[in-house]
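The values are calculated or read from the model by the stated rules, or taken from the named source; none is laboratory data. If you're wondering where the values come from, they're calculated on a predicted model, not measured in any experiment. Every residue, glycine among them, receives a Cβ derived from its backbone with ideal geometry; neighbour counts consider all protein chains shown.
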Amino acid sequence: MHQSMDLVVSARAAFAAASTAAELENAKARFLGKAGAVTELMKELAGLPVEQKKTRGAEINRLKQAIEAELQARRAALAEAELKAQLKAEALDVTLPGRRPAANGSLHPIGRAMERIEAIFGSMGFDVADGPEIETDWYSFTALNNPENHPARSMQDTFYVDVNDAEGRPLNLRPHTSPMQIRYAQAHARKYAGQASMPEIRVIAPGRTYRVDSDATHSPMFHQVEGLWVGENISFKDLKAVYLRFVQAFFETDDLKLRFRPSYFPFTEPSAEIDMMFGSGPLQGRWLEVSGSGQVHPQVIRNMGLDAERYIGFAFGSGIDRLAMLRYGVGDLRLFFEGDLRFLSQFR
Ligand code: DAH
């Protein structure tokens, strides 16, 4: 029995010395394996008389169970230690501050201005339309009552594409968003053709426009927003109300005035330039030109496919870049289009 206790103690020591599952299996073999100490004791049983065999056999069995219990305990301890080590290795320090992305993208200030414009006119019931930047001669000029060889065409000297339209005229990069008046109204007229009445046309068309022009306040590519409201009884007073409401919302102040200055555009009669003046702030007291406008010319109404005796309305075309410059206090238009992050990231 004494010898047996020694065996348990040395098994416990050997198991304790094993620091991995593999080492533990080796240690186990030394005690419980085929050539292990316990097996050796079993073999000795064979030579004992029957009576002793019984008691000795029971003793060896208890010894074996005691060693197996030691083994199990060590296995459990090793498994727990391994789990702890793993948890420690994979631990997340939740108190560590997160890593900030190096640079968050953001909307370009012009895109941001466009979204504001769309939201404001949208709230006044205007649809938002989008159209081609490469236009035919008819949409950019002729349909807008600006015939070939008319001197007013030079107001909008643009770029031409080396491809002709169906009428044999070179396609142009639209010099204004006004072609969208025609495109949208034509589609509207077609949609309600043959019906006794037609819902009013109320739309804005923001987008890119092009002209041969480049200095601190002109860029060869710039942005306009076209506005069109045509119905049976739409007048200049509606234009004035809508536009005043727009600039008040855009600049977030009621403290500003509008002035309509007589002007000329082939597609409107009468035509007016819209000027705006802030009642306070850094631009206080200066008239700022913000838009062309006018009552849609009857010939343009006809070119839309509408009865000029029945339909009347107004249109305007405003420079989005100019509105954005005023709103964000930007002095040089070119900054918008140089892609310099030192400038752009200020709008994040
Ligand atoms: N298309 C004109 C331009 O680019 C601006 C304009 C003036 C648009 C009067 C209009 C308008 O719709 O009625 O200079």
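List the strands (runs of 3 or more DSSP E) that sit entirely inside the stretch 124-214 and contain at least 1 residues that are in contact with a strand residue (DSSP E or B) (Cβ under 6 Å, 6 or more places away or on another chain) and buried (at least 16 other Cβ atoms within 10 Å of the Cβ).
170-173, 201-210
Within the bounds of the stretch 37-45, is there any residue that is in the same structural domain as ALA11 (by TED's automatic domain parsing), basic (Lys, Arg), surrounded by fewer than 13 Cβ atoms within 10 Å (Cβ to Cβ) and within 23 Å of ALA16 (Cβ to Cβ)?
No: zero hits.
Pairs needed: first member in the stretch 278-294, closer than 15 Å to TYR243 by Cα; second member anywhere, within 16 Å of the ligand (Cβ to nearest atom) and β-branched (Val, Ile, Thr); C-beta distance under 6 Å; at least 6 residues apart or different chains.
VAL290/ILE274; SER291/ILE274; SER293/ILE274; GLY294/THR268
Out of everything in the stretch 256-282 that is touching a strand residue (DSSP E or B) at 6+ places or on another chain (Cβ under 8 Å) and outside any strand (DSSP E or B), what residue ends up being nearest to the ligand (Cβ to nearest atom)?
Checked the stretch 256-282; the qualifying residue nearest to the ligand (Cβ to nearest atom) is PHE267.
Where residues in the stretch 306-326 are within 18 Å of SER140 (Cβ to Cβ) and in contact with a helix residue (DSSP H, G or I) (Cβ under 8 Å, 6 or more places away or on another chain), which of them is farthest from the ligand (Cβ to nearest atom)?
Here the residue is PHE316.
How many of the residues making up the stretch 300-325 are in a strand (DSSP E or B) and either of a type in the set (Lys, Arg) or within 23 Å of GLU118 (Cα to Cα) (or both)?
7
List the number of the failed condition for THR253; all other conditions in (1) in contact (Cβ under 8 Å) with a residue 24 or more places away in the chain; (2) in a strand (DSSP E or B) hold.
Here THR253 clears every test but (2).
Conditions (1) in the same structural domain as ARG208 (by TED's automatic domain parsing); (2) touching a residue at least 60 places away in the same chain (Cβ under 8 Å); (3) within 16 Å of the ligand (Cβ to nearest atom); (4) under 19 Å from VAL225 (Cα atoms), marked per residue:
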{"residue": "GLY125", "(1), (2), (3), (4)": "yes, yes, no, yes"}
{"residue": "ASP130", "(1), (2), (3), (4)": "yes, yes, no, yes"}
{"residue": "PHE141", "(1), (2), (3), (4)": "yes, no, yes, yes"}
{"residue": "ASN164", "(1), (2), (3), (4)": "yes, no, no, no"}
{"residue": "ASN172", "(1), (2), (3), (4)": "yes, no, yes, yes"}
{"residue": "THR177", "(1), (2), (3), (4)": "yes, yes, yes, yes"}
{"residue": "LYS191", "(1), (2), (3), (4)": "yes, no, no, no"}
{"residue": "GLN195", "(1), (2), (3), (4)": "yes, no, no, no"}
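If GLN65 satisfies all but one of (1) in contact with a Lys or Arg (Cβ under 8 Å, 6 or more places away or on another chain); (2) farther than 30 Å from HIS223 by Cβ, what's the number of the condition it fails?
(1)
Of these, ASP340, ASP321, which one is within 28 Å of ILE182 (Cβ to Cβ) and either crowded, with 18+ Cβ neighbours inside 10 Å or among the charged types (D, E, K, R) (or both)?
Of ASP340, ASP321, the one residue that is within 28 Å of ILE182 (Cβ to Cβ) and either crowded, with 18+ Cβ neighbours inside 10 Å or among the charged types (D, E, K, R) (or both) is ASP321.
When the residues of the stretch 215-241 are narrowed to those that are of a type outside the set (Lys, Arg), more than 13 Å from the ligand (Cβ to nearest atom) and not in a loop (DSSP other than H, G, I, E, B), which ends up farthest from PHE337 (Cα to Cα)?
Once the filter is applied, the top-ranked residue is GLY231.
Those residues that are buried (at least 16 other Cβ atoms within 10 Å of the Cβ) and touching a Ser or Thr at 6+ places or on another chain (Cβ under 7 Å), I need them from the stretch 244-267; list them, please.
Those that are buried (at least 16 other Cβ atoms within 10 Å of the Cβ) and touching a Ser or Thr at 6+ places or on another chain (Cβ under 7 Å): PHE265, PHE267.
May I ask you to list the residues in the stretch 283-300 that are surrounded by fewer than 23 Cβ atoms within 10 Å (Cβ to Cβ) and either over 28 Å from ALA249 (Cα atoms) or more than 9 Å from the ligand (Cβ to nearest atom) (or both)?
LEU283, GLN284, GLY285, ARG286, TRP287, LEU288, GLU289, VAL290, HIS297, PRO298, GLN299, listed by residue number.
SER106: within 36 Å of the chain's Cα centre (by Cα) and surrounded by 18 or more Cβ atoms within 10 Å (Cβ to Cβ), yes or no?
no
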